[in-house]
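Readers should treat all values here as calculations from the given coordinates under stated rules, not as data from a laboratory. Predicted model only: the values in this text are computed from it and were never measured. For neighbour counting, all protein chains shown are included, and Cβ atoms are generated from backbone atoms with ideal geometry for every residue, glycine included.
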Amino acid sequence: MARFEFKQDPPDEDWLARGDRQLNLVVRGFGLVLLVVGLIVALTVIGSAWSLYLSPTHIERFAQAVEQGSHLDLTLSRTTQHGQQQLDSADSAGVSATARTPSSIATQPGLRLSYFMAWLIAILLLLLVGRLAIAAVRTGGELALYDVQVKKLARALIKQSAHKPAD
C-alpha cells in the first residue's frame, strides 16, 4: 500500500537572517561590479600606454595644452634670448662683426620643456590611474569573496579555540 507523507514547510526565517542574506548578495554584487570596472580601467591604461609607445607624437596635443596653461616654453625662451643678447653685446664689444662665426649668429633650436613636462604628467597620470584600477580589482575581489573569507575566519577561530586549553 502506498503511503503519502506531507512535508511541512520549513519554518520562516526571521527578518535578521533574511536581511543578512540580502546584504551579503548586495556586497557580492557590488564587489563584482567593482572588479569588472577595475579590470576595464586597467586594460584601458595598458592600451593608452601602448598607444603612446607606438605613436609618441600623440603627446604633442598634451604638450600644447601644458604650454598654453603654464607658458613654460615662452618663459624659457625669454630667459635664453636675454642671455643670448648679453653674449652678443659682449662679443660685439670685443670682436668686430666680420670676425664672428656664423654658428654664433645662428639660433639654436629651442628646448621645449613643455614637451618633457607633458610626458612626465602623462606617465604619472597613467601610474596613478593604474594604481587605482589595481586597488579596485583587489577590493572588488575581496568583496565578491566576502562570504568565503568570513567562513575561513570562522573556521580559524573555531580551530584556535579548540586548541586552547580551558582555564
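Side notes on the structure shown:
- FRET efficiency for the pair Lys152 and Val37, taken as 1/(1 + (r/R0)^6) with r the Cβ-Cβ distance and R0 = 30 Å, rounds to 0.70.
- Going by neighbour counts of Cβ atoms within 10 Å, the residues Phe4, Phe116 line up, fewest first, as Phe4, Phe116.
- Cα extents of region 35-76 along the three principal axes, largest first (Å): 45, 22, 12
- Residues of region 29-51 with amide N under 20 Å of a point placed 7 Å along Cα→Cβ from Ile134: 34-51
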